[in-house]
Amino acid sequence: MGRFDRRRGYLVMICALALGLVAAPSLTANAAPVRAPLFSPGAPGAGDPYFPDMGNGGYDVSHYDIRLAFDPRTKAISATTTIVARATQNLSRFDLDFLGPLKISKLSVNGRDAAFARSGAQELVITPRHGLWRGSTFLVSVTYAGVPQKIDDPALGLSGWVATKDGAVALNQPIGAATYYPVNDTTGDKATYTQTVTVPTGLTVLANGEPGPTTKHNGRTTFRWQMNQPMASELAMLAIGRYNVTRSATADGRPNITAIGRSIDTKPGQGQVFNRTTAQIVQWESSMYGRYPFDSTGGIHADVGVHYALETQGRPVYDQRTSKVSGDLLAHELGHQWFGDSLTPVHWSDIWLNEGFATYSEWLYQEKFNGVPVQQSFAETYANEKDWSGKVADPGRDQIFDDLVYNRGAMTLHALRLKIGDRAFFQVLRQWPTTYRHGNVSTQTFIRFVERLTHRDLDTFFQTWLYQPGKPSL
Ligand code: TRP
Ligand code: ZN
């Protein structure tokens, strides 16, 4: 199905289900008495040991349609999020993740009001009038309002909906998405997205993917953005505020949309440089990692105050109050488009598959553009690293953003390169993201992939570098 057909398909389905034209199969009165219940609740978590409450079981989301209005005076949103999903079991009820003080005023399943309750910190438990048959597609529509609250986790920092001086920025890694929309918040359930955001005229809205038409009405402007490739909720992004936007295209013709917050102290021409460098790096990385995975690229240089950059899909966010975004940071976040965004680990313990490759992208950038050999970056990191105590491929919930994951992740890749040689290694860099494009991966998948490609048994090598604490000898 073409991208356009699929989008229209959703629209037709949304209308049909809302009108009640599609009869949901239900238990009939004359069904034979059953002992085991025919329908059962979906699991409240997706099985990540680090984040047991994140995600849910029993269904698979294919599309999120988020429509929200933002009032910068009160910082409040009012929103309706509609989710298209398919049941993977016979469901009597199911959960979505939804966090914080937003109040739900209406919730329907397949166009009919459904019972719901908030449970624990992040479970929204939904009981439709009728059970949902395994394999059937259903629509959940949730209307809610309030002032979203960001997450401030001692180990993971700030995430979710972050209010800024002139608007808000939503950054969802790893647990922020549920602060502003009901979501199956697991990397294992990617979906396409439409984000439609209404703000007072004068403010700009940026998000993942392709811009749609902008409409003005009664002093308010509505922006629409569409992500047509599967996206994990941790990589969804919204930026509302005063921005200078630069549009161009990459050499292979993809739209390249970048924006710099107006409050940021920039030098003349910095918007052009940011835009051009982004396109160049995407092009260069495509030459190593294979075809770029999304329809457009870009980036947002914003003053958010979270103190990190994030590889939000198709359009990373660089949180910096001043100066320009450095080339190696661009190479890192854009490298993530292949490693992390297109290929996404199912479990957070495998985040080295994102950060190791993204850090290696910085080393490759340093070699290509600044004449610093990768071998030198490796040697310096190997010599200077103080903490060798953790396990890269299972660092622990509070350590997923530790230097260990980034540095030892990249060192593992370089050690692999020294072991299998440049030819095989650059094949890995290209074939790994090509083979698992837009999918989910794990460390085990990676090890098996490299072993198959090289026809070598590398279990001991990976055991030493990924799972054994302590400094590996060379
Ligand atoms: N994953 C981000 C990157 O490497 C960085 C990041 C996101 C981060 N959240 C964080 C770093 C929290 C430290 C703390 O591009
Ligand atoms: Zn990173």
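The values are calculated or read from the model by the stated rules, or taken from the named source; none is laboratory data. Since we're looking at a predicted model, the values are computed, not measured. Note: ideal-geometry Cβ built from the backbone for every residue, glycine included; neighbour counts use all protein chains shown. The accessibility values were calculated without ligands, DNA or RNA, using every heavy atom of the protein model including side chains. Shrake-Rupley method; radii C 1.70, N 1.55, O 1.52, S 1.80 Å.
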Inset, instruction - Select from region 156-180 the residues that are within 16 Å of ligand 2 (Cβ to nearest atom) and hydroxyl-bearing (S, T, Y) and list them in ascending order. - result: S159
Legend entry - Selected residue [touching an Asp or Glu at 6+ places or on another chain (Cβ under 6 Å) and either away from ligand 2 (no atom under 16 Å from the Cβ) or at pLDDT 95 or above (or both)] from D95, D152: D95
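Kindly indicate whether D53 is in contact with a helix residue (DSSP H, G or I) (Cβ under 8 Å, 6 or more places away or on another chain) and either buried (at least 19 other Cβ atoms within 10 Å of the Cβ) or without any contact (Cβ under 8 Å) to a residue 40 or more places away in the chain (or both).
Details: in contact with a helix residue (DSSP H, G or I) (Cβ under 8 Å, 6 or more places away or on another chain): no; either buried (at least 19 other Cβ atoms within 10 Å of the Cβ) or without any contact (Cβ under 8 Å) to a residue 40 or more places away in the chain (or both): yes.
It is false that D53 is in contact with a helix residue (DSSP H, G or I) (Cβ under 8 Å, 6 or more places away or on another chain) and either buried (at least 19 other Cβ atoms within 10 Å of the Cβ) or without any contact (Cβ under 8 Å) to a residue 40 or more places away in the chain (or both).
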Inset, instruction - Give region 174-232 a look and list any residue that's in a strand (DSSP E or B) and of a type in the set (S, T, Y), or say none. - result: T192, Y193, T194, T196, T198, T201, T204, T215, T221, T222
Legend entry - Sole residue being more than 21 Å from R262 (Cα to Cα) and either buried (at least 20 other Cβ atoms within 10 Å of the Cβ) or in contact (Cβ under 8 Å) with a residue 12 or more places away in the chain (or both), chosen from G298, G314: G314
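Applying the selection to region 223-252, what residues are within 26 Å of S159 (Cβ to Cβ) and open to solvent by 30 Å² or more (accessible area, probe 1.4 Å)?
Those that are within 26 Å of S159 (Cβ to Cβ) and open to solvent by 30 Å² or more (accessible area, probe 1.4 Å): F223, R224, P230, R242, N244, V245.
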Inset, instruction - Return the pairs, sorted by first residue and then second, in which the second residue is open to solvent by 20 Å² or more (accessible area, probe 1.4 Å), the first residue lies in region 345-369 and is within 11 Å of ligand 2 (Cβ to nearest atom), the beta carbons are less than 6 Å apart, and the residues are 6+ apart or on different chains. - result: E355/Y406; T359/Y406; E362/D328
Inset, instruction - Determine, yes or no, whether P255 is outside the structural domain of V142 (by TED's automatic domain parsing), within 21 Å of the chain's Cα centre (by Cα) and surrounded by fewer than 19 Cβ atoms within 10 Å (Cβ to Cβ). - result: yes
Legend entry - Test set (1) within 15 Å of ligand 1 (Cβ to nearest atom); (2) free of Cβ contacts under 8 Å to residues at least 60 places away in the same chain; (3) part of a helix (DSSP H, G or I) - P395 fails condition number: (3)
Legend entry - The one condition in (1) more than 20 Å from the chain's Cα centre (by Cα); (2) open to solvent by 10 Å² or more (accessible area, probe 1.4 Å); (3) more than 14 Å from ligand 2 (Cβ to nearest atom); (4) over 19 Å from N275 (Cα atoms) that R321 fails to fulfil: (4)
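For every residue, the table says whether it meets (1) of a type in the set (S, T, Y); (2) at pLDDT 95 or above; (3) within 16 Å of ligand 1 (Cβ to nearest atom).
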| site | (1), (2), (3) |
| --- | --- |
| I351 | no, yes, yes |
| Y365 | yes, yes, yes |
| V372 | no, yes, no |
| E380 | no, yes, no |
| E385 | no, no, no |
| W388 | no, no, no |
Legend entry - Cβ pairs under 9 Å, 6+ apart, first in region 136-149 and under 14 Å from T80 (Cβ atoms), second open to solvent by 10 Å² or more (accessible area, probe 1.4 Å) and among the aromatic types (F, W, Y): V142/F116
